[in-house]
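Q: I am attaching a structure below and will ask some questions about it afterwards.
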Amino acid sequence: MTEPWNEKVDDKRSQDSKSLFIIFCEDGEIEPAYYGTFESNPKIKISIIGNYGQHHRQVDKATTYCRNNALLETIEGKERLKLDEGAQVWCVFDRDKEEGDEKDSAFNNSINSAQLIGIRTAWSNDDFELWVLLHFEDVPNDDELYKHRSKYYERLTEIFKAFDLKNDEENRIINNLFFSYKDNMKSKRHFIKITFQHMKGKPEIAIERAKKLEAFHSNPPKPFHEKSPCTLVHHLVLELRT
């Protein structure tokens, strides 16, 4: 099997050449499952690497990975990604803010460090479930409750309970008296079999909603950790859908 760093792309790429994406994910369940759904795109090749940890830890590990696999070069004393035309490296991580966790600088620095090297980031503040929620409804840009993932879980629980359930498995899980999105839907199987099936057909509206949140937090400019609720997952999705 060809390793991703050996997937060379000729300088004169033909129209049927595949663009390579190396995607580092924070967890090993939901995010890899979601990005794996884009593998059906015949124009791209995806290498997904899960369980790479939270923001700064992930960027550090991704940088080391790239360095060890000859994907970095030093130009004027600074390391930069050395990739063939059409190849991209992404880090996907969440803010996951806890009260008084004092990780604002770590979150901001991880994004800046990735940018300096040429690694692109699809971060979410507060977490990936914000992107899921945007498939089903608008999210207020200035509501304090939506700055934390507990609100996303609450709304997703209510939304899923109102679904016209498609099969016995959905009925067994969602009609349970104690059903909650956080407790019952955070596995690869349930994401693919249930959550993603309800997200299908709605990416365009999720992208537009994410763009609105990003625009709101960009004018006036503010530190990354203050951009909440906000997600840049749509940037990676747009690239994968090309």
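Q: Ignoring ligands, DNA and RNA, please state the percent of accessible area on region 131-242 from carbon and sulfur, probe 1.4 Å. Intermediate values should be presented prior to the final figure.
A: Details: 2950 of 5940 Å².
That fraction is 50 percent.
Q: How much of D60 can a 1.4 Å solvent probe reach, expressed as accessible area in Å² and rounded to 10?
A: Around 90 Å² of this residue is reachable by solvent.
Q: Something else now. Give me the dipole magnitude in Debye, nearest 20, for the chain about the Cα centre, with unit charges on the beta carbon: positive for Lys and Arg, negative for Asp and Glu.
A: Working: 36 positive and 43 negative charges, 112 e Å.
In debye, rounded to 20, the chain gives about 540.
Q: How much accessible area per residue does region 179-239 have, counting only protein heavy atoms and a probe of 1.4 Å, in square angstrom?
A: Details: 2970 Å² over 61 residues.
Ligands and nucleic acids excluded, the result is 49 Å² per residue.
Q: Provide the net charge surrounding K103, with neighbours chosen by a C-beta distance below 9 Å and charges set as Lys +1, Arg +1, Asp -1, Glu -1. Don't jump to the answer; show the numbers that get you there.
A: On the way: positive: R95, K97; negative: D96, E98, D101, E102, D104.
Residues close to K103 contribute a combined charge of -3.
Q: Hey, another quick one. Would you pull out the residues with amide H under 5 Å of D94's amide H, same chain only if 5 or more places away, H placed 1.01 Å from N?
A: Those qualifying (amide H under 5 Å, at least 5 residues apart or on another chain) are H55, S124.
Q: Residue by residue through region 221-234, which ³J(HN,Hα) values in whole Hz follow from phi under the Karplus form 6.51 cos²θ - 1.76 cosθ + 1.60 (θ = phi - 60°), with glycine and proline marked x?
A: My calculation for region 221-234 gives x, 8, x, 4, 5, 8, 7, 8, x, 6, 9, 10, 4, 4 Hz in order.
Q: Let me ask something else. What's the angle, to the nearest 10 degrees (0 to 90), between helix 149-161's Cα axis and the longest principal axis of the chain?
A: Here the helix axis deviates by roughly 60 degrees.
Q: Any chance you could look up the accessible area of L238 with a 1.4 Å probe, heavy atoms only, rounded to 10 Å²?
A: 70
Q: From zero outward in steps of 5 Å, how is the percent of C-alpha pairs of the chain spread across the bins?
A: 1, 6, 13, 17, 18, 16, 13, 8, 5, 2, 1, 0, 0
Q: Right, here's the next one. Keeping all protein chains in position, work out how much accessible area S105 exposes to a 1.4 Å probe, and write it in Å² to the nearest 10.
A: 80
Q: For region 75-134, what does the alpha-carbon gyration tensor say about shape, rounded, prolate or oblate, given a ≥ b ≥ c as the root eigenvalues, a/c under 1.5 as rounded, and a/b over b/c as prolate? Let's see the in-between values first.
A: Details: a/c = 5.40, a/b = 1.57, b/c = 3.44.
In terms of gyration-tensor shape, oblate.
Q: From the phi angles alone, apply the Karplus equation (6.51, -1.76, 1.60; θ = phi - 60°) to region 107-123 and give each ³J(HN,Hα) in whole Hz, x where the residue is Gly or Pro.
A: With coefficients 6.51, -1.76 and 1.60, one gets 5, 5, 5, 5, 5, 5, 5, 5, 4, 4, 7, x, 7, 8, 10, 10, 8 Hz.
Q: Another one. Once the Cβ-Cβ distance between E39 and N219 is put in as r, and R0 is 51 Å, what FRET efficiency do you end up with, to the nearest 0.05? Before the final figure, lay out each step's value.
A: Values: r = 36 Å, r/R0 = 0.71.
According to the calculation, E is roughly 0.90.
Q: For region 23-127, what does the alpha-carbon gyration tensor say about shape, rounded, prolate or oblate, given a ≥ b ≥ c as the root eigenvalues, a/c under 1.5 as rounded, and a/b over b/c as prolate?
A: Numbers: a/c = 2.23, a/b = 1.12, b/c = 1.99.
The shape class here is oblate.
Q: With a 10 Å cut-off between alpha carbons and a GNM built on the chain, which of L156, L145, L177 moves the most?
A: Highest fluctuation of the listed residues: L177.
Q: Now a separate question. Using 0.36 nm per residue of separation minus the Cα-Cα distance, give me the extension gain between N109 and K202 in nm, one decimal. Walk me through the numbers on the way to the answer.
A: Numbers: separation 93, 0.36 × 93 = 33.48 nm, distance 3.27 nm.
Length gained, N109 through K202: 30.2 nm.
Q: Which whole-number percent gives the relative contact order of the chain, counting Cα pairs below 8 Å spaced six or more residues apart? Could you put the intermediate results ahead of the total?
A: On the way: 355 pairs, mean separation 51.4, N = 242.
For the chain, the relative contact order is 21 percent.
Q: Please give every one of the aspartates and glutamates within straight-line cross-link reach of K161, meaning a C-alpha to C-alpha distance under 20 Å, and leave out same-chain neighbours fewer than 8 residues apart.
A: The reachable aspartates and glutamates, counting only those whose Cα sits under 20 Å from K161, are E129, E137, D138, E169, E170, D183.
Q: Another question, if that's okay. Given L177, G201, I159, which one lies farthest toward the positive end of the charge dipole of region 139-216, if we put +1 on the Cβ of every Lys and Arg and -1 on the Cβ of every Asp and Glu?
A: My answer, from the dipole projection, is G201.
The values are calculated or read from the model by the stated rules, or taken from the named source; none is laboratory data. Here the structure is a predicted model, which is why all the values come from computation and not from measurement. Methodologically, a virtual Cβ is constructed for each residue, glycine included, from the backbone with ideal geometry; neighbour enumeration extends over all protein chains shown. The accessibility values were calculated without ligands, DNA or RNA, using every heavy atom of the protein model including side chains. Shrake-Rupley method; radii C 1.70, N 1.55, O 1.52, S 1.80 Å.
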